[in-house]
Amino acid sequence: MRLLLFALWALPLCSLVPTTRAASDVAVSWVRNQDFTYNPSLVEHGDKYVSALKRTTFRKVGRKTFWINHLYMCVGQRDDLHSLRCNAFNPWSEPYLECEFGSNVRNGKTDVTGLGDVKVWAWPGKGVYAIFGRKPERTPGSGQYCNTKVVYDQWIAQVRPEPGAGPWRLQQPLRLHLSGGGYTYPDEPAVVMEKNWMPWVHRGKDGIEMLHVTHMVNPHRVLEVSPSGACTVRHETQGTKELFARFAEHPVHGGPPVIRVEAARSGDGQPYYLGVMHHIEWLTRMSGTKERKIKLYRHFAYKFQPEPPFAVTAVSDELRLTFYSNRQHPTKAYIAYVSGFYMADNGTVYMSYGAGDREARVMVLPLAELEASFTGRIEFLQHEGVPTA
C-alpha cells in the first residue's frame, strides 16, 4: 500500500515567530457544512497551522450499531485560528478492509470503523506526523470477522515531510507494535483498544534523536520506536504514592503528544518534558425514573525527567477546560478530551481539545501560566452539579 502524502507538504515555510499572547480559549469550526467536529490536534509548521479533527456518525445494521469515524486534516494561516480549512484524511491509497467485531466483543452490539483519534505532532527537521488507531485488516480467507484477539493498533503517517526526514520519510502508514518483551497483552478482554500513545523525541548524549512514546502514565512506561515500527519498552518507573494519591480510585490515562521544555524557557531554569493526562469519574443522574451513568473527565498536566529513566516528577492542579453545554445531550455535559498539545518557540502553548464530542476548542496560553498550575496541591476543580471531590 502506498501512502498518499497529504498536500500540506507543498505549503511554504516561514521562520517568523509570533509574540507570546495572553491566554484564550475559543471554539473553532473548520469543516464547512458539518456539525459536531471535535478532538482537534493543532501544531505550527512554518507559517501555517496544521490540525486534525474528527466527526462521528452512527449506522444501524441488524442488531449492531456502527460508530463511523470521519477524519479530517486541516491547514490555515498561523495566528488565525479560524482560518483553517480541511480535507478528508485517509492515508491509504487502496481499500483497507477492517475485520468486524464478533459476538465476543461488546456482545456483538457495537462496532467501530475508520481511524481513531488522529493527533498531529511536529518533529523539527523531519516534518509533521499523525498518530492514530485502527482495527486490524481482515485475514485473507478468514471472512469478515476478527478471528483472534483484536488489538486496535496505533499507526503513524507523515502528512508534511521535510528533506531531513531520512528513514522517517514514510512512504506508507507505519504500524507500531510491541516487540522484544517488557510488556504483553492480558488474556482478557477480547479486544485491546490501544490508544493515547503519546509521541515525543529525545536527543541522547551522542546527539542521536530517537522517537519515543509514552505507553502509560503510571507506571510511566516509555517505548522506543524504530523506523520499522517495532516498539521496545526501554523505561518503566512507578510514580510515588504521594504524587498519585489523588488518583488511587481513578486510573489515569494519557492523551496528546508530549512537548519538551528547554532550560532557557523553563521557569526554574531546568529542562523537562511536559504531558497531559486525564482520568474519568462516573456520576449517577436520574432521567425520569431511570438512573443514567455520566462521565466526568478531569485533565492534569504532568512533568517528567528530561533524561532516562524519564520518571514523573510533578502533577498540576486540574486544568480548567470548557465543557459543552447542551440540554439535549445531558450525558455529554462533562466530557472533554485534550487531543493536541504543542509549544511554539516563544513559549506559547496550544492545548486543543474536544468538548462534549461535539465541539472543537483551542486554549492558547503562555507556558508560565501553565507552570503556575503546578502548586504541589493537585487541586480538583468544583464543577457545577458535581459533588466535591
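The values are calculated or read from the model by the stated rules, or taken from the named source; none is laboratory data. Please read all numbers here as calculations on a predicted model, not as lab measurements. In this analysis, Cβ positions are derived from the backbone assuming ideal geometry, glycine residues included, and neighbour counts consider all displayed protein chains. Please note that ligands, DNA and RNA were not included when accessible areas were found on the heavy atoms of the full protein model with its side chains. Shrake-Rupley method; radii C 1.70, N 1.55, O 1.52, S 1.80 Å.
Tabulated data for the structure shown
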{"read-out": "Mean accessible surface per residue for the chain, computed with a 1.4 Å probe while every protein chain stays in place, in Å²", "value": "47 Å²"}
{"read-out": "Exposure of Thr375 as accessible area (Å², to 10), given a probe of 1.4 Å and all protein chains", "value": "50 Å²"}
{"read-out": "The range 93-112 residues near the modelled Ala190 label - backbone nitrogen below 12 Å, point 7 Å along Cα→Cβ", "value": "100-111"}
{"read-out": "Cross-link table Lys126/Lys149; Lys135/Lys241; Lys119/Lys303; Lys149/Lys241, entries beyond 28 Å C-alpha to C-alpha", "value": "Lys126/Lys149; Lys135/Lys241; Lys149/Lys241"}
{"read-out": "Two-site label geometry, Lys60 and Asn326: point separation in nm, points 7 Å out along Cα→Cβ", "value": "1.9 nm"}
{"read-out": "Accessible carbon and sulfur surface of the chain relative to its total accessible area, %, 1.4 Å", "value": "51 percent"}
{"read-out": "Computed FRET value (nearest 0.05) for Val386 with Arg260, which takes r as the C-beta separation and R₀ as 22 Å", "value": "0.05"}
{"read-out": "Mean Cβ neighbour count within 10 Å, used as a protection proxy, ranking 185-197, 42-54, 213-225 highest first", "value": "42-54, 213-225, 185-197"}
{"read-out": "Asp206 accessible area, assembled protein chains, probe 1.4 Å, Å²", "value": "110 Å²"}
{"read-out": "Separation in nanometres of the label points that stand 7 Å from Cα toward Cβ, at Val233 and His82", "value": "4.9 nm"}
{"read-out": "Residues Arg285 and Thr139, FRET efficiency given R0 of 45 Å [Cβ-Cβ distance, rounded to 0.05]", "value": "0.55"}
{"read-out": "Dipole in debye (nearest 20) - the chain, about Cα centre, beta carbon charges: Lys, Arg +1; Asp, Glu -1", "value": "1260 debye"}
{"read-out": "Dipole of the chain, positive direction: furthest Cα of Gln172, Leu42, Asn87, with charges on the beta-carbon", "value": "Asn87"}
{"read-out": "Relative contact order, percent, the chain [alpha-carbon distance under 8 Å, six or more residues apart]", "value": "17 percent"}
